[in-house]
Amino acid sequence: MQPNAKLEDYSGVWVVVERSESEIDPVVLELLGKAWDLAKKRNTSVTAVILGKHADQESKKLGIHGADNILGVHCPDVQDYEQEFYTRVLTELVHERKPEIILIGATPQGRDYAPRLSKRLNTGLTADCTGLDIEETTGNLLQECPTYGGNIMAIIQTVSSRPQMATVARGVFKPKIRTKASKVKVEKITYCFDATRERASTVDIIEQDGETRDVRDAEILVAGGRGMESSENFGLLEELAREIGGKVAGTRSACDLGWIEKNCQVGQTGHVVKPRLYIACGISGAIQHTIGMQDSEHIIAINKDPEARIFSIADTCIVADVLEFIPAFINAIKRFRNS
């Protein structure tokens, strides 16, 4: 927050646009829907901030999903994401325009620059929020997220500085469609930035190969936790997933132990998923994980501990040793298919 600035000097809700493989990342459309709700409660507008080209081309899509304005910043020297470019440009824009709320996707890119931006703005940042609302009496942004190892759901407010900043993972909110969206106002700015003079720059961008799993869009997920005991045992989950047409995911602990790739992590610091079927194998049910999958249409939980937390949100609860149950389950599926 700038010296001598007052809280009432700030207004408006910003959503920073991110692209995934040249398309608008789905988290942006989800954030615009939530920003639209927040803006109505604050009697203000929603601005989508695009750092790069295509401000005109994106205007209709962003407007339908909640943007009233688009602020496009183009720099001839920056073609791809640059940490310092995003941080510096957004810092200067915030000092100049004074938005009250800034929402950023909790993507690898967003998690990279958002903390740096909040530091330069001397304001707070609540990461990986699972809920956002406006407090009626103060007008402050209520930012909900798990804390203390997931034992407490905290409501965080930025009471003495602006803007109020939050990152949100994909899948937490649902995108909304405005049937009567007015024409979006587009403002374009050219910014001079010499990326070659900065300490950090993008050397190369390596696209994920076609076989890399994307658990976010899977209709069926077979997820493993610490109860799977080893990376070799995740082979059982791979086999089960193949039999039922699903993909394999894991908890943070399973990913940290190297049993499954990090991009397959489900939970607060991973992906938020909503498949038709979620099979939780050897997962205790810590809130950091369940917050990422609790909205699945049907949850089957397999755990040898009858008191496991995961059973409190599961539709089908199976108390069994997962390493004994899954092979039997796979064999039963094969027998049924061959009968």
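A few points about this structure:
- Once exposed loop GluC sites (Glu not before Pro) are cut out (DSSP; at most 16 other Cβ, 10 Å), longest piece of the chain: 22-134
- Dipole magnitude for the range 51-126: about 220 debye, using +1 per Lys or Arg Cβ and -1 per Asp or Glu Cβ, origin at the Cα centre.
- Charge dipole of the range 9-137 about the Cα centre (unit charges at C-beta), most positive-ward option of Val16, Ser118, Asn43: Asn43
- Formal net charge of residues neighbouring Gly105 (Cβ-Cβ distance under 13 Å; K, R +1; D, E -1): 0
- Phi-derived couplings, Karplus 6.51 cos²θ - 1.76 cosθ + 1.60 at θ = phi - 60°, listed residue by residue for the range 236-247: 5, 5, 4, 5, 4, 4, 5, 5, 10, x, x, 10 Hz, with x used for Gly and Pro.
- Seen against the Cα atoms of the chain and their longest principal axis, helix 83-97 is set at about 50 degrees.
- Segments 249-260, 274-285 sorted - mean Cβ within 10 Å per residue, highest first: 274-285, 249-260
- Eligible lysines near Lys180 by straight Cα distance, threshold 26 Å, same-chain separation 8 or greater: Lys34, Lys40, Lys41, Lys60, Lys61, Lys188
- In a DSSP loop and with at most 10 other Cβ atoms within 10 Å, the trypsin sites (Lys or Arg not before Pro) in the range 1-41 are Lys6.
- Dipole check for the chain: with +1 at the C-beta of Lys and Arg, -1 at the C-beta of Asp and Glu, and the Cα centre as origin, the magnitude is about 980 Debye.
- Kirkwood-based shape ratio for the range 215-338, expressed as Rg/Rh from alpha carbons: 0.93
- Remark: the range 215-338 carries a charge dipole of roughly 220 debye about the Cα centre, counting +1 on each Lys and Arg Cβ and -1 on each Asp and Glu Cβ.
- The chain - share of DSSP beta bridges that are antiparallel (%, nearest 5): 20
- Other residues lying with their Cβ under 9 Å from the Cβ of His298 contribute a combined charge of -1, Lys and Arg counting +1, Asp and Glu -1.
- MRE, 222 nm, helices only [DSSP H, n ≥ 4, -39500 (n - 2.57), over the chain, to nearest 500]: -8500 deg cm²/dmol
- Between the residues Ser284, Gln268, Cys192, the greatest Cα displacement towards the positive end of the dipole of the chain, with unit charges on the Cβ of Lys, Arg, Asp and Glu, is found for Cys192.
- Net charge of Cβ neighbours under 13 Å - reference Glu96; Lys, Arg +1; Asp, Glu -1: 0
- When the chymotrypsin sites (Phe, Trp or Tyr not before Pro) in the range 87-181 are filtered for DSSP coil states and for at most 13 other beta-carbon atoms within 10 Å of their beta-carbon, the remaining sites are Tyr148.
- In this structure, the amide hydrogen of His74, modeled 1.01 Å from its nitrogen in the peptide plane, lies closer than 5 angstrom to those of Gly52, Ile189, Thr190, Tyr191, counting only residues at least 5 positions away or on a different chain.
Each reported figure results from applying straightforward, stated rules to the coordinates on display, with no laboratory input. None of the values given here were measured: they were computed from a predicted structure. Positions of Cβ are backbone-derived with ideal geometry, glycine not excepted, and every protein chain shown enters the neighbour counts.
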